[in-house]
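Worksheet: the structure to be examined is printed underneath.
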Amino acid sequence: MVDLDLNSLLRSNIRELVPYSSAREEYSGNDAILMDANENPFNEPYNRYPDPLQRKLKEKISGLFHTKPSNLFLGNGSDEAIDLLFRAFCIPGKDNVITLDPSYGMYEVCARINDIEIRKVLLTETFDIDPGGIFSAVDENTKLIFLCSPNNPTSNLLDYNKIVQILNSFKGIVVVDEAYIDFSCSKGLIPLLEVYTGLVLLRTFSKAWGLAGIRVGMAIASPAVIEVLNKIKYPYNVNILSQELALKFIDDTSTRDQWVSTILESRNQMEDELKMIDFVQKVYPSDANFLLVKVNDPVKLYNYLKDNKLIVRDRSRVSLCAGCLRITIGTETENRKLLKLIKGFKD
Ligand SMILES: *Cc1c(COP(=O)(O)O)cnc(C)c1O
């Protein structure tokens with residue numbers, strides 16, 4: 001067990017905060033007349049505030065992940081958890097966080113919004129973690145390290161042993177964003193939560209589950225960290241409609257699995273076809289539902305595709321990704337359209 005001194009890591013204003021206590025937290029039964037929350041008595045069931053702690057949904061999700069509900073925080077996308085971690089642990093103008101470069105853009109945006117210094121540590125040539133680089137960037141004001149595995153936009157799983165190496169020596173919170181884990185051959189790091197109380201995993205319904213529109217994401221961590229996030233979140237942060245839809249879809253893991261295997265099959269096929277095109281320099285090996293593709297003239301290809309009403313992501317100005325476009329795998333028809341357009345492109 002690598003235990004974290006959570007209290008000394010927390011910002012003092014958060015440690016001492018008396019959280020807002022909502023009506024549905026003070027009474028959460030369902031057999032009483034509710035005259036406590038100034039709701040309109042008409043228009044059932046939408047007149048009622050949602051369960052602030054999403055108990056039913058957490059019960060289901062914890063079964064899926066073999067965790068306890070007390071290990072789960074649910075938010076308005078996993079982006080909410082990212083922002084809350086900054087607000088709980090980082091003192092504006094003083095503390096710093098470490099991110100990989102390149103990686104998901106939200107870590108940096110959240111850092112800047114919260115006025116927290118960001119220290120970017122370049123990935124290696126093979127897009128893996130450089131633990132030495134991370135350790136030399138850490139100082140006594142470093143509170144969070146953000147890792148993302150599989151990483152966006154590089155599409156690869158990070159090396160397990162290097163993640164463990166960081167967990168073993170860093171005295172703050174290590175966040176591992178596993179948004180794309182269902183597309184990879186890894187089951188993710190949930191088993192490590194038993195060992196590292198400073199580990200926070202991010203998962204989402206936005207990718208493999210096909211539910212980006214309902215905005216439900218989660219943090220999985222030790223109960224002590226989850227309590228902190230619950231204490232500072234907006235009381236009713238996941239609305240009734242999203243909770244209900246997530247509950248409904250979560251029962252159908254076989255459809256999710258079918259989507260994932262279809263997407264993986266298409267991705268492998270797309271990879272093979274792209275590699276045969278002469279102006280494609282490299283298709284990076286992917287553990288996710290997208291491909292990072294290096295081409296001779298990315299901006300020209302991007303604009304050509306856009307003119308043909310097909311939008312990919314230009315990542316060519318991102319560190320280590322010169323020449324690269326990021327292509328999300330679509331339906332079979334969409335993938336065929338993309339390949340047909342690319343084959344008709346003259347660079
Ligand atoms: C898409 C994505 C997410 C998902 O964020 P939500 O707010 O849950 O939709 C999280 N992390 C990474 C790295 C992503 O690419």
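Here are the numbers:
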read-out	value
Qualifying residue in the stretch 41-50 (condition: modelled with pLDDT of 95 or more and under 30 Å from GLU16 (Cβ atoms))	yes
Filter result for GLU80 (modelled with pLDDT under 95, assigned to a helix (DSSP H, G or I) and not aromatic (Phe, Trp, Tyr))	no
Filter result for the condition that a residue is in a helix (DSSP H, G or I) and modelled with pLDDT of 95 or more, over SER8, SER62	SER62
Subset of the stretch 100-119 that is hydrophobic (A, V, I, L, M, F, W, C) and out of contact with any helix residue (DSSP H, G or I) (no Cβ under 8 Å at 6 or more places or on another chain) - its residue that is surrounded by the fewest Cβ atoms within 10 Å (Cβ to Cβ)	VAL109
Members of the stretch 176-232 found to be crowded, with 17+ Cβ neighbours inside 10 Å, away from the ligand (no atom under 15 Å from the Cβ) and in a loop (DSSP other than H, G, I, E, B), listed by number	THR197, GLY198, ALA221, SER222
Out of LEU167, LEU122, LEU85, sole residue that is in contact (Cβ under 8 Å) with a residue 40 or more places away in the chain and either within 16 Å of the ligand (Cβ to nearest atom) or surrounded by 23 or more Cβ atoms within 10 Å (Cβ to Cβ) (or both)	LEU85
Unique residue being at pLDDT 95 or above and either in contact with a Ser or Thr (Cβ under 7 Å, 6 or more places away or on another chain) or within 14 Å of the ligand (Cβ to nearest atom) (or both) when the list is ASP130, ASP115, ASP139	ASP130
Tally, over the stretch 147-164, of residues that are more than 12 Å from the ligand (Cβ to nearest atom) and in contact (Cβ under 8 Å) with a residue 60 or more places away in the chain	2
Residue among SER155, SER136 that is in a helix (DSSP H, G or I) and among the polar types (S, T, N, Q)	SER136
Candidate set from the stretch 88-106 (those that are under 18 Å from the mean Cα position of the chain (by Cα) and part of a loop (DSSP other than H, G, I, E, B)); member that is nearest to the ligand (Cβ to nearest atom)	TYR104
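Every residue, every condition in (1) surrounded by 15 or more Cβ atoms within 10 Å (Cβ to Cβ); (2) in contact with a helix residue (DSSP H, G or I) (Cβ under 8 Å, 6 or more places away or on another chain); (3) over 30 Å from LEU193 (Cβ atoms), yes or no:
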residue: LEU9; (1), (2), (3): yes, yes, no
residue: SER12; (1), (2), (3): no, no, no
residue: ARG15; (1), (2), (3): no, yes, no
residue: ALA32; (1), (2), (3): no, no, yes
residue: ASP36; (1), (2), (3): no, yes, yes
residue: GLU44; (1), (2), (3): no, no, yes
residue: TYR49; (1), (2), (3): yes, yes, yes
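The values are calculated or read from the model by the stated rules, or taken from the named source; none is laboratory data. None of the values given here were measured: they were computed from a predicted structure. So basically every Cβ, Gly included, is an ideal-geometry build from the backbone, and we count neighbours across all protein chains shown.
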